[in-house]
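Below: one structure, written as structure tokens.
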Amino acid sequence: MFNNLTQRLSQTLRKIVNKGRLTEDNIKNTIREVRKALLEADVTLSVIKQFIENVKKKSIGHKINNSLTPGQEFIKIVKNELIFSMGDKDNTLNLSVKPPAVLLVVGLQGAGKTTSLAKLAKWIKDKHKKKILIVSTDIYRAAAIKQLQVLSQQIEVDFFPSSKNQTPIEITTEAIKYSTLKLYDILLIDTAGRLHIDEKMMDEIYQIQIASKPIETLLVVDSMMGQDAINMAKIFNNKLLISGIILTKTDGDSRNGIALSMRYITEKPIKFIGTGEKINELNAFYPEKMAERILGMNDVVSIIKDIEKKVDQLQVTKLTKKLKKGHDFNLNDFLIQIKQMKKIGGINYFIDKLSINNQLFNKISSFKTDKNTLNKIEAIIYSMTPKERIKPIIIKGSRKRRIALGSGTTIQDVNKLLKNFDDVKRIMKKIKTSGIAKVMRGIKNM
């Protein structure tokens, strides 16, 4: 999501980052490029106009924060405007009511409404540990009720059966009575969609909203619809009391400027984004995190927390102590680190998580290590003798042939491993002699 916008903005803002002073002249070109990037991302024109005006007003003559360079201050201004466009606070679900809290899900057919409801049920179940009941009032679309029933079984959430012979209001009323009687915390109601908005559809959803008195009415919007999605959302918002938006298909080929436009146009917050087809691929929408992602300022803290969960800290401590005592980093240590890397997901984890589009990573293919690559490295090291692992310098022609044969790889693979090991060992030595800060500056310059 936002890959093209991120790339354009990163390239544009890089030019101004080291400027000593923000003036109308040195930000004029940058603002022009920012406008182009937003247009290419399919952001609504009225949003772009207001965005650019706000950035200009806050940039020119702005008192620079002492801790930042003027260029960095400009990036901070752009970031704050992105947050403002998408909503200046996190908008979580309002579940603080007498149970059952009713959540109504509405939207057009094909936007991923029913699947999003199931994803939302799973998210609430996992996040809040609530007792949940889901029900379908879609008596028109073939197999709509069955689809939701199957999804409920997948996520292990209770399903309230309904029939085509009932009216949507009857189904809603009965589901509310049942959820109250059986002490459910949450009732999620799926509504019927249409291929286009019509009066009959809107009247029906309006009647369901009156009958159910939902604490949240969430509009599911297909991000691939572009500007049409904005118009659709405005109609729903005018007819119903919409409390928030679920944006689906954000992993697709759409330019996703809709995320920047939706909140500004409808004045309703985006609460969730669907990031894939899997049942667990629904994420709460945080404007600040999304702004950081768009600008390439990714949430490193979340990555660190993820690594801490997966990495064996005892092994890290042992290696640190070993290096401090002056012992050499050998292939046994390298093997342990490869196993740790497998738990994380390889270097690809960082490239994907950080949305890295860096020439260094793109040119050096050895950096891109998936699970199969790491398995191959493990097999090569396991095919070595204990002595070879401790002193890899002794591995010459005949030994390489034997190791390649034993691991089911090629001599080229063995050579590549040994070269990568030497590179890692060299970095370890630099860290020991120069300190981590100097090494990181060197990597940054490279």
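The values are calculated or read from the model by the stated rules, or taken from the named source; none is laboratory data. In this text the structure is predicted, and so the values were computed from the model without any measurement. A quick note on method: Cβ atoms are made from the backbone with ideal geometry, for glycine too, and the neighbour counts reach across all protein chains shown.
Could you give me the residue pairs with C-beta distances under 8 Å whose first residue belongs to segment 139-156 and is closer than 16 Å to LEU117 by Cα, whose second residue is at pLDDT 90 or above and among the aromatic types (Phe, Trp, Tyr) wherever it lies, and which are 6+ apart or on separate chains? Listed pairs, sorted by first residue: LEU148/PHE159; GLN149/PHE159; SER152/PHE159; GLN153/PHE159. Would you confirm whether or not segment 93-101 contains a residue that is at pLDDT 75 or above, surrounded by 13 or more Cβ atoms within 10 Å (Cβ to Cβ), among the aliphatic types (A, V, I, L, M) and not in a loop (DSSP other than H, G, I, E, B)? For segment 93-101, residues at pLDDT 75 or above, surrounded by 13 or more Cβ atoms within 10 Å (Cβ to Cβ), among the aliphatic types (A, V, I, L, M) and not in a loop (DSSP other than H, G, I, E, B): present. Among the residues here, LYS278 qualifies as free of Cβ contacts under 8 Å to residues at least 12 places away in the same chain, under 15 Å from the mean Cα position of the chain (by Cα) and either within 27 Å of LYS131 (Cβ to Cβ) or assigned by TED's automatic domain parsing to the domain that holds LEU45 (or both). Total residues in segment 378-397 satisfying the condition of being buried (at least 17 other Cβ atoms within 10 Å of the Cβ) and closer than 14 Å to ASN330 by Cβ: the figure is 6. Close contacts from segment 386-409, counting a first residue that is over 21 Å from LEU374 (Cβ atoms) and a second that is modelled with pLDDT under 90 and buried (at least 18 other Cβ atoms within 10 Å of the Cβ), with Cβ to Cβ under 8 Å and a gap of 6+ residues or different chains, come to ILE390/LEU331.
Table: residues versus (1) modelled with pLDDT of 80 or more; (2) within 16 Å of MET86 (Cα to Cα).
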position: GLN207; (1), (2): yes, no
position: GLU216; (1), (2): yes, no
position: ILE270; (1), (2): yes, yes
position: LEU282; (1), (2): yes, no
position: SER302; (1), (2): no, no
position: LYS305; (1), (2): no, no
position: VAL311; (1), (2): no, no
position: THR320; (1), (2): no, no
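Against the test of being of a type in the set (A, V, I, L, M), modelled with pLDDT of 60 or more and either in a helix (DSSP H, G or I) or touching a Lys or Arg at 6+ places or on another chain (Cβ under 9 Å) (or both), the options ILE443, ILE403 yield a single qualifying residue, ILE403. Among the residues of segment 234-265, just one is modelled with pLDDT of 75 or more, under 25 Å from LYS278 (Cβ atoms) and assigned to a helix (DSSP H, G or I), namely MET262.
Taking only segment 166-205 into account, find how many residues are more than 30 Å from the chain's Cα centre (by Cα) and within 21 Å of LYS271 (Cα to Cα).
In the first step, residues of segment 166-205 are kept if they are more than 30 Å from the chain's Cα centre (by Cα); the result is 166-184, 197-205.
Still in the running and within 21 Å of LYS271 (Cα to Cα): 205.
Qualifying residue count, segment 166-205: 1.
Does segment 398-422 hold any residues that are among the acidic types (Asp, Glu) and under 13 Å from PHE334 (Cβ atoms), and which are they? If the condition is that a residue be among the acidic types (Asp, Glu) and under 13 Å from PHE334 (Cβ atoms), then ASP422 is the only one that fits. Of all residues assigned to segment 126-137, at least one qualifies as being farther than 27 Å from ASN237 by Cα, free of Cβ contacts under 8 Å to residues at least 24 places away in the same chain and outside any helix (DSSP H, G or I).
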